[in-house]
Amino acid sequence: METINITINGIAVEAPKGSTILQAAKLASIDIPTLCYLKEINEIGACRICMVEADEGRGARLVASCVYPITEGMKVYTNTPKVLNYRKKTLELILSDHDKKCLSCVRSGKCELQKLCKDYGIEDTEAFKGAMNEYELDCSAAHMVRDNNKCINCRRCVAVCEKTQGIGVIGANNRGFATEIASAFGLGLGETACVACGQCIAVCPVGAIYEKTDVDKVLEAIADDTKHVVVQTAPAVRAALGEAFDLPMGTPVEGKMVAALRRIGFEKVFDTNFAADVTIMEEATELLDRVTNGGVLPMITSCSPGWIKYCEHYYPEQIGHLSSCKSPQQMFGALLKTYYAEKMGWDPKDIVSVSVMPCTAKKFEIGREDQNAAGVPDLDYTMTTRELARLIDKCGINFNSLPEETFDDPMGEGTGAAVIFGATGGVMEAALRTAVWKLTGETNDSPIEFTEVRGVEGIKEATYTAGGVTVKVAVASGLKNAKVIMDKIKAGEADYTFVEIMGCPGGCVNGGGQPQVPASVRNFTDIRAERAKALYALDSANAVRKSHENESVKKLYAEYLGAPNSHKAHEILHTTYVKRKVHEI
Amino acid sequence: MSSKKTTVPFAGTKEQEEALMKVIAENKDQKGALMPIMQQAQDIYGYLPIEVQTMIADGMGISLEKVYGVATFYSQFALNPKGKYQISVCLGTACYVKGSGDVYSKLEEVLNIKGGECTADGKFSLDACRCVGACGLAPVMMINDEVYGRLLPDQIPDILAKY
């Protein structure tokens, strides 16, 4: 690789050609602050917090290090009084139109702006006191709130919505001081074709966008003796929750998470993995049925509610490709209020069904039609991984010193196949483990690992042959990638049998409800890969790695549902979709 | 969230739509086509309501927000039609110190629209302008070509009643 030699603060640094000053400085263990910059997503050099002095032989001048490429012999200075004062003044100017209500801000303590103000010793938050914009909150969407009084116009949310997800329902409106990040024509986000993926929240450096929360209602339900408050946790939560308690990214915290939920007061702590195994039983059966009986192919997974909403808005004519399976969360809720309620002699009306998800679209999903198997909603409340972390703090639980505990039976049993649902390709691999087993005459030594569908690439393809049947599969994560697959399907050019699509890039591990990762880490780490490692480690460590070998799931079918895709299974575990529009006019 | 959709019902014709579609088809594959398309759309319709911006977005395969962001960045793009009677209030220095701001507010109140908007019946539109060259008459407003000077807010209802 061709390299370039520069000095940073007098220290020699060799960095690959094409690097920016920011990247070269990272190699020299110097963190330059950034606010607007997000690697490959938002490289606009707009916020000016990353300014450094660079001398290319014509004297030192201030440049934006996030986008300024290094040149041979360049001398960079990152901490001169001129640089530090410039950054401080930039912060003071940002604060001049920021509400500064840190004490009541959901992001306090983890805010990138707040940290910079501390680092740069901002003494006077009113240094440039003057006119301020005042915005109404946008609470129109089911899953989130936008508070532009805290927005710093960095445009990270705009970039991720448009470039990563290919949606673009938010953007910068008006000009100059009146610039506001919002939707067209003052429409509330809930009135647009937003899919609720929450990637905008995940990248926001401040507290301007945050999920709506029902945590206080959950606590009230827990305090009510007449209610059975039961919680389920999605696979990806255990791969990221530890980050909120300063554990290294990719640390699996299943045992401590279960212990924490028990201490919060949930009557039963169950695992969505149980329902993920049920999903595989239903989905693999549905797929084989479609293959055998000439159903709509390719069949596409339906676990990701952001993806489902996207398909309904942007590809309404293709909803027949979606598996009719409810998502694992909803299957779990449905089984909790039917099968488990019957088992326990509980009235479904007395059950409060709660989930912890890496996802904000789940907040939209729980309010969907046809998600009420017991005549009451399958789910009552859902919270994100971030909300759980805050709740753990609120309840005074010292997470890191908790013992490792295990899920309750029977809906706490999950296989290795289920836990990898949280990473892109995981549902596909889990389905293949069971489908190949079914196709090859039900032997016990059918293959376990399908590595072709693993990894963080946006689109993966593979072909498998088993029992005389050839299956061509595709896996996509991130909606811009989903669009590529869907355009092929729409044009009749896709010869896939089965497609897995996840709304968020990298799958649920990188979901919009996961702990926010500051740009200083995000720009130099592949969050998707690091968190996925935790899930694949849990899969390898599990003695049972195929969904159809889950004993509790076998029992569920034997005792209650009969067989996968039975009439009863259809009533409880399957759903329908609606055609939506992109524009309401 | 307050909607910024115009209060005047959209009255685009089939001919206008065909003309716009032709403009889009001719330009959409060129780099930087959005602004010229928007300018021509404004020539066709006179302004760029949500209906027109949606046609542009769908025609170009981009999001509505992208079009709207550009439409609100440049002051030459209008989101509202002009009324049969176009009211311009001078907010230049001389008129402003003589109280044209109060006249402007009174007009917003009486017409029940904000500056830049048009009444639902399409009769009046209201804009601010800078100096009509009649500073001696400050504060000044114009309704189409008619100039009104030495205005007091209380005179506004009677003046509007003439139209």
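For residues in region A:158-178 being assigned to a loop (DSSP other than H, G, I, E, B) and either more than 7 Å from every other protein chain (Cβ to nearest Cβ) or out of contact with any Gly (no Cβ under 9 Å at 6 or more places or on another chain) (or both), which is nearest to A:PRO205 (Cα to Cα)?
If we take residues in region A:158-178 being assigned to a loop (DSSP other than H, G, I, E, B) and either more than 7 Å from every other protein chain (Cβ to nearest Cβ) or out of contact with any Gly (no Cβ under 9 Å at 6 or more places or on another chain) (or both), then A:ILE170 is nearest to A:PRO205 (Cα to Cα).
Count, please, the residues in region A:1-40 that happen to be outside any strand (DSSP E or B), free of Cβ contacts under 8 Å to residues at least 24 places away in the same chain and among the acidic types (Asp, Glu).
Residues in region A:1-40 being outside any strand (DSSP E or B), free of Cβ contacts under 8 Å to residues at least 24 places away in the same chain and among the acidic types (Asp, Glu): 2 in total.
Given the conditions (1) in contact with a strand residue (DSSP E or B) (Cβ under 8 Å, 6 or more places away or on another chain); (2) crowded, with 24+ Cβ neighbours inside 10 Å; (3) touching a residue at least 60 places away in the same chain (Cβ under 8 Å), report the number of the one that A:VAL475 does not fulfil.
(3)
Which of the residues belonging to region B:94-122 are in contact with a Phe, Trp or Tyr (Cβ under 8 Å, 6 or more places away or on another chain) and among the small types (Gly, Ala, Ser)?
The one that is in contact with a Phe, Trp or Tyr (Cβ under 8 Å, 6 or more places away or on another chain) and among the small types (Gly, Ala, Ser): B:GLY115.
Out of the helices (runs of 4 or more DSSP H) lying entirely within region B:8-126, which hold 1 or more residues that are closer than 30 Å to A:CYS157 by Cα and either within 14 Å of chain A (Cβ to nearest Cβ) or under 21 Å from the mean Cα position of the chain (by Cα) (or both)?
By residue number, B:34-45, B:50-60, B:64-73.
Where in region A:180-254 are there helices (runs of 4 or more DSSP H), lying fully within it, with 1 or more residues that are away from chain B (no Cβ under 14 Å), within 24 Å of A:GLN330 (Cα to Cα) and more than 23 Å from the chain's Cα centre (by Cα)?
Here the list reads A:215-223.
Provide a single number: the residues in region A:133-152 that are within 24 Å of A:LYS39 (Cα to Cα) and facing another protein chain (nearest Cβ under 10 Å).
1
Would you mind finding the one in A:LEU116, A:LEU93, A:LEU62 that is assigned to a helix (DSSP H, G or I) and free of Cβ contacts under 8 Å to residues at least 40 places away in the same chain?
A:LEU93
Looking for something in the same structural domain as A:ALA240 (by TED's automatic domain parsing), part of a helix (DSSP H, G or I) and surrounded by fewer than 22 Cβ atoms within 10 Å (Cβ to Cβ) - is there at least one such residue anywhere in region A:439-446?
yes
Scan region A:377-412 for residues that are farther than 17 Å from A:GLN329 by Cβ and outside any helix (DSSP H, G or I) and report the count.
12
If I filter region A:309-320 for residues that are within 30 Å of A:VAL517 (Cβ to Cβ), within 17 Å of the chain's Cα centre (by Cα) and at pLDDT 95 or above, do I get at least one hit?
yes
Which of the residues spanning region B:1-43 are surrounded by 14 or more Cβ atoms within 10 Å (Cβ to Cβ), of a type in the set (Gly, Ala, Ser) and at pLDDT 95 or above?
Within region B:1-43, B:ALA19, B:ALA33, B:ALA41 qualify.
Name the one entry in A:ARG146, A:ARG155, A:ARG238 that is of a type in the set (D, E, K, R), touching a Pro at 6+ places or on another chain (Cβ under 9 Å) and closer than 24 Å to A:GLN514 by Cβ.
A:ARG238
Given (1) of a type in the set (Lys, Arg); (2) away from chain B (no Cβ under 12 Å); (3) on the phi > 0 side of the Ramachandran plot, identify the lone condition not met by A:ARG155.
The one condition A:ARG155 does not meet is (2).
The values are calculated or read from the model by the stated rules, or taken from the named source; none is laboratory data. Since we're looking at a predicted model, the values are computed, not measured. Cβ sites come from the backbone with ideal geometry, for glycine too, and all protein chains shown count toward neighbours.
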